[in-house]
Amino acid sequence: MQITGTSSDNQFSFAGLSLQENKKPSTDEAIDDDTNSSFFKKYLHKFVKDEASVNSTSSFLKSSAGGSLLAGLISPLIGPVISKDENFSRFLTISGIGLSAISYGLSLAVQSIAKKVKNAMTIRSDVSSQKDINLDTDLILDEDTKKDLWIAMKSFFGYKSGLQDPNHSVKASDMMILFGPPGTGKTKIAYGIASQANRKIIYANISEVESMWRGESEKKLANLFELAEKSGSWIFFDEADALLQTRKTGPMDNGITNRITNTFIQHFNNKHPNVKVILCTNSPDNIDPAIKSRGLLVHIDKQSDEANFKILKIKLESFGLKKDNIDKLFEKFSSRLMDLVKKYKLAGRDIESAVNSALHIAEQRFQLDTLNGKEAVAELTIEDLESEFKRTYDMIEKTKKSSLDIGEGLS
């Protein structure tokens, strides 16, 4: 089964289904609009496009504030020397203090703008560097996963149904939740789905949203939704179970968790109902039920042995292993490689880790043989792969056991 599509500014064709959309502004335009939206931002943002100019502008304003305040404080002493007029002396004092307050206020405004510009530039950098991902050619997915994903994507984009009147269509869902074991390609799939619709992804995780300061996390979350709506981008929440946890009441109430989850639901439901969101999680049970009930749940499990066999070859190629070495492995040891894949059933990311470690071992062996005057052969062997597949698998199992032990200790 192929998941294919073509896109343009206002029309997207997906698996024979068409979706009409209005042309959206670019993410850069939305960021510029977002950072220039007030009086201060309109006139001062041009001076704070980088950190150096921010610091120098702010330092200058703070120095001016200090100088003005100092002038205001000593004016009662120097006023009588300059003039006998008490009103003039009072004027100097008030002017000095007033100028210091204005300068200090401007320095705070610059810092506020700087913070927003820095965040916007970070998002812009992430969005502009995204590459299109083709779900057919850039990912190895077995047929069952493709089928589940295809069905979910139809609902995500909306489509015409043969069961309905021609003037109606199935309402698109605005949230998709990709869940499954670590390392199965959920993040790449999310970016691939966005590529199908010619959309960019705004990436968000707990470290970028959660703040120790009350109210800051909610503001960051609100800003993400605002930027996504203005730019026509989608939001991708990685490790969503850590950010959008089940709300609790009573002694177990975690204030910040509850506030973040409430804010997400408010913006997704009411304030920004047209923003599409993709959540990624290894632990869907930890996500608040009210959020799960609004999303399309798609299970991305470990791939079949046949798919992982292909992934192994792709990983070897991606690390730049010489073609003759790869050909030798897959021609001479094909059955052993398949047995390796079947025995340990590693996820794609874990296969990549095992291949990387095996290459390091092969390189280390070559270097040591060269130093010791032995006949050195620059080659990755089947034994290297078998050793590192086993070591990776053992490490994963130890981690699982440690997590279970900790869980039992807390219960």
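The values are calculated or read from the model by the stated rules, or taken from the named source; none is laboratory data. The model shown is predicted, which means the values in this text are computed figures rather than measured ones. Don't worry about glycine lacking a Cβ; one is built from the backbone with ideal geometry, like all the others, and counts go over all protein chains shown. When the accessible area is computed, the model is the full protein with side chains, heavy atoms only, and any ligands, DNA or RNA have been set aside. Shrake-Rupley method; radii C 1.70, N 1.55, O 1.52, S 1.80 Å.
Suppose we filter ASN205, ASN254, ASN198 for residues that are open to solvent by 30 Å² or more (accessible area, probe 1.4 Å) and at pLDDT below 85; which single one remains?
The match here is ASN254.
Scan the range 216-272 for residues that are among the charged types (D, E, K, R), outside any helix (DSSP H, G or I) and free of Cβ contacts under 8 Å to residues at least 40 places away in the same chain and jot them down.
LYS248, ASP253
Looking at the range 233-241, can you tell me whether even one residue there is open to solvent by less than 50 Å² (accessible area, probe 1.4 Å) and modelled with pLDDT under 85?
Scanning the range 233-241 turns up no residue that is open to solvent by less than 50 Å² (accessible area, probe 1.4 Å) and modelled with pLDDT under 85.
Report, by residue number, each residue of the range 359-400 that is surrounded by 13 or more Cβ atoms within 10 Å (Cβ to Cβ), of a type in the set (A, V, I, L, M, F, W, C) and in a loop (DSSP other than H, G, I, E, B).
If the condition is that a residue be surrounded by 13 or more Cβ atoms within 10 Å (Cβ to Cβ), of a type in the set (A, V, I, L, M, F, W, C) and in a loop (DSSP other than H, G, I, E, B), then ALA376, ALA378, LEU380 are the ones that fit.
Take the range 335-352 and flag every residue that is of a type in the set (Gly, Ala, Ser) and open to solvent by 20 Å² or more (accessible area, probe 1.4 Å).
Correct list: SER335 only.
Sort out which residues of the range 257-274 are surrounded by 17 or more Cβ atoms within 10 Å (Cβ to Cβ) and of a type in the set (Val, Ile, Thr), and write them in order of number.
Step one: list which residues in the range 257-274 are surrounded by 17 or more Cβ atoms within 10 Å (Cβ to Cβ), which gives 257, 260-261, 263-264, 267-268, 272.
Of everything in the range 257-274, those that are surrounded by 17 or more Cβ atoms within 10 Å (Cβ to Cβ) and of a type in the set (Val, Ile, Thr) turn out to be THR257, ILE260, THR261, THR263.
Which pairs have Cβ atoms under 7 Å, sit 6 or more apart or on different chains, and link a residue in the range 312-328 that is modelled with pLDDT under 95 to one that is among the hydrophobic types (A, V, I, L, M, F, W, C) and part of a loop (DSSP other than H, G, I, E, B)?
ILE314/ILE140; LEU321/LEU380
Could you list all residues from the range 273-300 that are under 17 Å from GLU218 (Cα atoms) and assigned to a helix (DSSP H, G or I)?
ILE291
Quick check on the range 275-319: of everything there that is of a type in the set (S, T, N, Q) and buried (at least 21 other Cβ atoms within 10 Å of the Cβ), which residue is farthest from TYR203 (Cα to Cα)?
The residue in question is ASN308.
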